[in-house]
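Take a look at the structure below.
The values are calculated or read from the model by the stated rules, or taken from the named source; none is laboratory data. Owing to the predicted nature of the structure, the values given are computational and were not obtained by experimental measurement. With ideal geometry, Cβ positions are generated from the backbone for all residues, glycine too; neighbour counts draw on all protein chains shown.
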Amino acid sequence: MPLPDAIHITETANVVSLEDTTGRVLREIATVPADADTFARAPGAQHVIGAWVGDTLEVRHATPDGRVVVESWLLANDGRTLVATVSVEGDEQRPARSMKRVYVRTERP
């Protein structure tokens, strides 16, 4: 799911929410095991299961053809930079790919 150029992130003990600048929740990443994920969903938001791997939030899922996609979210630069990386494993016909997007924290106007 493509994200806008400016996002707001809210983190609780059980979920990380990605919101647009109007406050509309675009995506929720639950950080609890799937069987414990019984929380109410934000209307219209994509909801996925993720896990903390050290300081990195990871979301893993499969493409329709079975390749594994790993999304990684990492705060850097003393929390002023968010690095979002998406990696797709390769197969016999396609090479592995990796894309990175960097968000820089700004103050609200």
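Within region 1-25, restricting attention to residues that are outside any loop (DSSP other than H, G, I, E, B) and in contact (Cβ under 8 Å) with a residue 40 or more places away in the chain, which residue is farthest from T63 (Cα to Cα)?
Looking at residues that are outside any loop (DSSP other than H, G, I, E, B) and in contact (Cβ under 8 Å) with a residue 40 or more places away in the chain, I get I9.
Give the number of residues within region 47-65 that are among the acidic types (D, E) and either touching a Leu at 6+ places or on another chain (Cβ under 6 Å) or exposed (fewer than 13 other Cβ atoms within 10 Å of the Cβ) (or both). Adding up the residues that qualify gives 2. Scanning region 1-18 for residues being of a type outside the set (S, T, Y) and closer than 21 Å to D55 by Cα gives a total of 9.
For V102, the stated conditions do not hold, so it cannot be described as surrounded by 13 or more Cβ atoms within 10 Å (Cβ to Cβ), within 19 Å of the chain's Cα centre (by Cα) and either part of a strand (DSSP E or B) or touching a residue at least 60 places away in the same chain (Cβ under 8 Å) (or both). Residue count for region 26-66 under the criterion of being at pLDDT below 90, out of contact with any strand residue (DSSP E or B) (no Cβ under 9 Å at 6 or more places or on another chain) and in a loop (DSSP other than H, G, I, E, B): the result is 2.
Of the residues making up region 67-84, one or more are surrounded by 12 or more Cβ atoms within 10 Å (Cβ to Cβ) and assigned to a loop (DSSP other than H, G, I, E, B).
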